[in-house]
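One structure is given below, encoded as structure tokens.
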């Protein structure tokens, strides 16, 4: 049986900063984001991929479609974190 992921951040209170980071990264990727609701960028990403994501009831989506949306967002965030870490290691 598959485990459900916890939606809580590992560091208590870090959720707001992560949301702001997501908004900034996705803005750089060319998506319009609302800093007050950075989670809504998933709808714009889904629209750009041609995936019919709705605010409620997405049981019709395949795992692959859901993964494409989350992968694009998470992948961009990870690439940015790696870039930031490399800059720090280089002493910039």
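The values are calculated or read from the model by the stated rules, or taken from the named source; none is laboratory data. Since we're looking at a predicted model, the values are computed, not measured. Note that each Cβ is placed from the backbone with ideal geometry, even for glycine, and that neighbours are counted across all protein chains shown.
Tallying residues that are farther than 20 Å from residue 19 by Cβ and in a loop (DSSP other than H, G, I, E, B) within segment 54-80 yields 8. Scanning segment 8-27 for residues that are free of Cβ contacts under 8 Å to residues at least 12 places away in the same chain and within 14 Å of residue 74 (Cα to Cα) returns 18, 24, 27.
Yes or no: segment 46-53 includes at least one residue that is under 12 Å from the mean Cα position of the chain (by Cα) and in a helix (DSSP H, G or I). Scanning segment 46-53 turns up at least one residue that is under 12 Å from the mean Cα position of the chain (by Cα) and in a helix (DSSP H, G or I). Taking each residue of segment 66-92 that is surrounded by 15 or more Cβ atoms within 10 Å (Cβ to Cβ) and looking for partners that are modelled with pLDDT of 95 or more with beta-carbon atoms closer than 7 Å, six or more apart or interchain, yields nothing. Considering the conditions (1) assigned to a helix (DSSP H, G or I); (2) surrounded by 14 or more Cβ atoms within 10 Å (Cβ to Cβ), residue 31 is excluded by exactly one of them, (1).
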